[in-house]
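Every number here is computed from the coordinates shown, using simple stated rules; none is lab data. Small disclaimer: the values here were computed from a predicted structure and weren't measured. A quick note on method: Cβ atoms are made from the backbone with ideal geometry, for glycine too, and the neighbour counts reach across all protein chains shown.
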Amino acid sequence: MMALKSRMVEFKAEGRPGNGYLSSPEKPRGGVLVLHAWWGLNDFFKGFANRLASQGFLALAPDLHDGAVATSVEGAKELRSKIADERIKQIVLGATDYLRADPSISGHKIGVVGFSMGAAWSFLLSTLKPETVGAVVVFYGSYPIDFSKSQASYLGHYAPGDEWEPLADVRATEEKIRGAGREVAFHFYPGTKHWFVEENRPVEYNREASNLAWKRTLEFLDSKLR
């Protein structure tokens, strides 16, 4: 078992500092940013960072909600309405700079894994920091923006009949990425719902699909960040 060190860290973000959960293996072989869903930085996303670290990645999960966490859809909607996109953007950019500055991954591109709301920010980050982001993994999130500046490869995990994420938006995002000449592979998991990899969502969680998505994610990050 690989020895891990996990702790909360503070980093510079425009305006005021940001915070994040950093999980470190003894000898990192790559860096990965974990961008949480609209619930906030709960134990699932910290655990996901730990899982990445157990596979040798230095994993940073920034707190995009400055400490606030929701447990219900209603609470998450309310939380999301109170937080300015500009603040989230500052935190994402600050966390990226913090992770990239770690000596163990100096000069190497990082990966970004985003969930739902965090998926949209992952797509955006790959266009804002093309020289930094080499691999993007998204779970049930889309954002059909202009990917012409991107230098990343993309992997996506989706529920076919997702009520929160229209298939048209997913396909439009895929087409935009492909149109920019970037590598993209979007997988659909039959019988799943939004949040299907999050164990703390027992109604939506699907163990089989989650395990397959994790295996594909690891293989992808290994191939792109080594």
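Just one of the listed residues (Val137, Val203) is surrounded by 23 or more Cβ atoms within 10 Å (Cβ to Cβ), of a type in the set (A, V, I, L, M, F, W, C) and under 23 Å from Phe44 (Cβ atoms), namely Val137. With the condition kept exactly as written, say whether any residue in region 84-105 is among the charged types (D, E, K, R), under 16 Å from Pro28 (Cα atoms), touching a Ser or Thr at 6+ places or on another chain (Cβ under 8 Å) and not in a helix (DSSP H, G or I). The answer is no; no qualifying residue exists.
Among the residues of region 81-115, write down those that are farther than 14 Å from Ala59 by Cα, without any contact (Cβ under 8 Å) to a residue 60 or more places away in the chain and of a type in the set (Gly, Ala, Ser). Selection gives Ser81, Ala84, Ser106, Gly107.
From Gly47, Gly75, Gly118, grab the single residue that is more than 17 Å from Leu218 (Cα to Cα), part of a helix (DSSP H, G or I), within 16 Å of the chain's Cα centre (by Cα) and of a type in the set (Gly, Ala, Ser). Break it down into steps so the answer makes sense when it comes.
On the way: Gly47 fails: more than 17 Å from Leu218 (Cα to Cα); Gly75 fails: within 16 Å of the chain's Cα centre (by Cα).
Testing whether each residue is more than 17 Å from Leu218 (Cα to Cα), part of a helix (DSSP H, G or I), within 16 Å of the chain's Cα centre (by Cα) and of a type in the set (Gly, Ala, Ser) leaves just Gly118.
If the requirement is being outside any helix (DSSP H, G or I), buried (at least 23 other Cβ atoms within 10 Å of the Cβ) and either of a type in the set (A, V, I, L, M, F, W, C) or out of contact with any Asp or Glu (no Cβ under 8 Å at 6 or more places or on another chain) (or both), which of these qualifies: Ala59, Ala53? Steps first, answer last, please.
Details: Ala53 fails: outside any helix (DSSP H, G or I).
So the residue among Ala59, Ala53 that is outside any helix (DSSP H, G or I), buried (at least 23 other Cβ atoms within 10 Å of the Cβ) and either of a type in the set (A, V, I, L, M, F, W, C) or out of contact with any Asp or Glu (no Cβ under 8 Å at 6 or more places or on another chain) (or both) is Ala59.
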